[in-house]
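The block underneath contains the structure these notes are about, expressed in structure tokens.
The values are calculated or read from the model by the stated rules, or taken from the named source; none is laboratory data. None of these values were measured; they are calculated from a predicted model. Positions of Cβ are backbone-derived with ideal geometry, glycine not excepted, and every protein chain shown enters the neighbour counts. We work out accessible area using only protein heavy atoms, side chains counted, and drop any ligands, DNA or RNA first. Shrake-Rupley method; radii C 1.70, N 1.55, O 1.52, S 1.80 Å.
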Amino acid sequence: SVFKSGEGLGASGSFFFFSKDNRFLIKTCSPYEREILLNMLDPFIEHLKSVNNKSLIAKIYGVFTIKSNVFKQVDVMIMKNSSAKKNRQNYSVKFDLKGSLFNRNVTLPARLTKYKLRRFGFKGVLKDVNFLKMQKEFEYLNFSEQECLDYQSIIYNDTKFLNSQGIMDYSLLIEVEFE
């Protein structure tokens, strides 16, 4: 098969496909989202140039409308898959961080260790409160002071750009790979 697919866990309920080599993500989007993406294309290119390509905003390679006699017209975007695992077979845990604690917890079956996560086969995306709890337990979720400063600068520039485009929703996706 060329693709594997799934339904997004976020509020949008978008449907997505991964390319066979896992490098690309094809995601459905609303006509409204398509227009926003197309309107911000030139400013986004300028943003990337101004920050020497140091951005955590997902790289979108194209936005398309698929028309067919078989199904209703659908808008899709082709994006870089932000997962950069060394080995696709390795287990990983993903966190969707928004910088808030309100409604930002995924209830899990028990106190977690990486071994319990593996045993439960948890495939969802964890949130800010989960990250804070696990950061205390696992040393690999701690960053150096310089890494924190670098990421703060990148996030500041990205949010400044998104704000200039009238976009306020920003998530930082962190994936921890277990070898």
Specify the residue that is farthest from VAL51 (Cα to Cα); the eligible residues are those in region 142-171 that are open to solvent by 60 Å² or more (accessible area, probe 1.4 Å) and of a type in the set (A, V, I, L, M, F, W, C).
PHE143
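Quick check: is even one residue across region 104-115 of a type outside the set (Val, Ile, Thr), at pLDDT 85 or above and under 20 Å from the mean Cα position of the chain (by Cα)? Give the derivation first.
Narrowing region 104-115 to residues of a type outside the set (Val, Ile, Thr): 104-105, 108-112, 114-115.
If we keep only those that are at pLDDT 85 or above as well, we get 104-105.
In the following step, the residues that additionally are under 20 Å from the mean Cα position of the chain (by Cα) were identified as 104-105.
The answer is yes; a qualifying residue exists.
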How many residues does region 67-86 contain that are closer than 19 Å to LEU25 by Cβ and open to solvent by less than 70 Å² (accessible area, probe 1.4 Å)?
9
